[in-house]
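The values are calculated or read from the model by the stated rules, or taken from the named source; none is laboratory data. Computed from a prediction, not measured in an experiment: that's the story for all the values here. So basically every Cβ, Gly included, is an ideal-geometry build from the backbone, and we count neighbours across all protein chains shown. Calculation scope for accessible area: heavy atoms of the full protein, side chains included, ligands and nucleic acids excluded. Shrake-Rupley method; radii C 1.70, N 1.55, O 1.52, S 1.80 Å.
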Amino acid sequence: MAQEERRQAIERELTMSRAMVEAIAHEMREDEEVFYMGEDVADYGGIFDSTEGLLEEFGRDRVMDVPISETAYLGAAVGAAQEGMRPIAELMFVDFFGVAMDQIYNQMAKNTYMSGGAVNVPMVLTAAVGGTYNDAAQHSQTLYGTFAHLPGMKVVVPSTAYEAKGLMHNAIRDDDPVVYLFHKRLMGIGWMPAPDGPKTPVPDEEYTIPFGSADVKREGEDATVVTLGLHVHRALEAAETLAEDGIDAEVIDLRTLVPLDTETIRESVAKTGRLVVVDEDYRSYGVTGEIIASVAEEDLEDLEDLERVAVPDVPLPYARPMENEVIPDAEDIEDAVRSTQS
């Protein structure tokens, strides 16, 4: 490839949904044991465009619409993985995990351990997370902390198209179960506009992003903002506003919760002395508390001040003004950072 062609290939921009599909299609071409199953993933292409175009290339034997029975098809995915296949099983909304809690928590996550290592479960469980589009309490939760709490599953949360592709390649190739959670607001679908940021340059060739490797999206000296998913972009927006007043915020995108890159967080806090953790999951017993504890246990002397910004412990409201009130926005992040500067 000529240098100019290579430059153009690298600089092409994809939405997050297209980047995910590109990685999945590549892995399906390379390994016939990779297949995709879920509700509305074949003819419809996924309600968040998570499988758009795959049916046309791979057919119904490898891109399968399933009945509305999460218990049945997630159980089937676990069994297929244990027999050597590499299924990708999609929960249309992460809120539906409760229907198949036994298959996820007691089978997918634990069967390698319970079998004494006799079987692996190399499967990917994908699901849409997050609110901001007024679909009420049973279709708007984030819940990645729920999966991160139980040992046995790796938990991945991309924030941009570049991350979405590299993390998906890594997830499909991993010999352990991976929970891959994409925020519906970041996918770049026409009826749910994405914020500025998730559509990024994506290389044509395959590449992987290692799990447990956070990314410093913006360097700064005055405060460390740790977040993931949609709120990476809200934190960057807040950081730009803060910079106008001379407050220099560093923004860290976790990218994965399991494994968690505590080293990058602690290095940043050692520099800034102030920590703000932002989460679209619930406040109690969640990601914010875990990250703060991971810093306090190792480097308490570096921590001069801290704030956490998260969803209060209430069901996600349907009404738009109420949903906007409980889900943190850029202004909430900005206020939290300012409070650490006094």
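A few remarks follow.
- The set of residues in region 66-89 being in contact with an Asp or Glu (Cβ under 9 Å, 6 or more places away or on another chain) and touching a residue at least 60 places away in the same chain (Cβ under 8 Å) consists of ARG86, ILE88.
The rows are residues; the columns are (1) open to solvent by less than 40 Å² (accessible area, probe 1.4 Å); (2) charged (D, E, K, R); (3) without any contact (Cβ under 8 Å) to a residue 12 or more places away in the chain.
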| site | (1), (2), (3) |
| --- | --- |
| MET37 | yes, no, no |
| ASP43 | no, yes, no |
| SER50 | yes, no, no |
| GLU57 | no, yes, no |
| MET64 | no, no, no |
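- Any strands (runs of 3 or more DSSP E) falling wholly within region 235-318 and containing at least 3 residues that are open to solvent by 30 Å² or more (accessible area, probe 1.4 Å) and modelled with pLDDT of 95 or more: 305-311
- Here THR208, THR200 are screened, and the one residue that is under 24 Å from VAL34 (Cα atoms) and surrounded by fewer than 21 Cβ atoms within 10 Å (Cβ to Cβ) is THR208.
- Selection within region 195-232 - within 18 Å of VAL277 (Cβ to Cβ) and polar (S, T, N, Q): THR224, THR227
- All positions within region 147-180 that are closer than 17 Å to LYS110 by Cβ, touching a strand residue (DSSP E or B) at 6+ places or on another chain (Cβ under 8 Å) and part of a helix (DSSP H, G or I): PHE147, ALA148
- Scanning region 200-212 for any residue that is within 14 Å of the chain's Cα centre (by Cα) and under 20 Å from ASP49 (Cβ atoms) turns up nothing.
- Applying the set (1) at pLDDT below 95; (2) surrounded by fewer than 23 Cβ atoms within 10 Å (Cβ to Cβ) to ALA118 leaves exactly one unmet item: (1).
- Test: residue in region 4-19 that is modelled with pLDDT under 95, within 20 Å of LYS184 (Cα to Cα) and in a helix (DSSP H, G or I): no
- Hits in region 171-201 - residues which are touching an Asp or Glu at 6+ places or on another chain (Cβ under 7 Å) and over 18 Å from MET85 (Cβ atoms): MET187, ILE189, LYS199, THR200, PRO201
- Among residues of region 201-229 that are in contact (Cβ under 8 Å) with a residue 60 or more places away in the chain, those with a Cβ under 6 angstrom from a residue that is in a strand (DSSP E or B) and surrounded by fewer than 17 Cβ atoms within 10 Å (Cβ to Cβ), sequence gap 6+ or separate chain, pair up as PRO201/GLU13.
- Qualifying residue in region 137-145 (condition: over 25 Å from TYR282 (Cβ atoms), part of a helix (DSSP H, G or I) and open to solvent by less than 10 Å² (accessible area, probe 1.4 Å)): no
- Inside region 67-91, residues that are open to solvent by 30 Å² or more (accessible area, probe 1.4 Å) and of a type in the set (A, V, I, L, M, F, W, C) make up a count of 4.
- Region 91-109, residues that are part of a loop (DSSP other than H, G, I, E, B) and farther than 25 Å from GLU27 by Cβ: none
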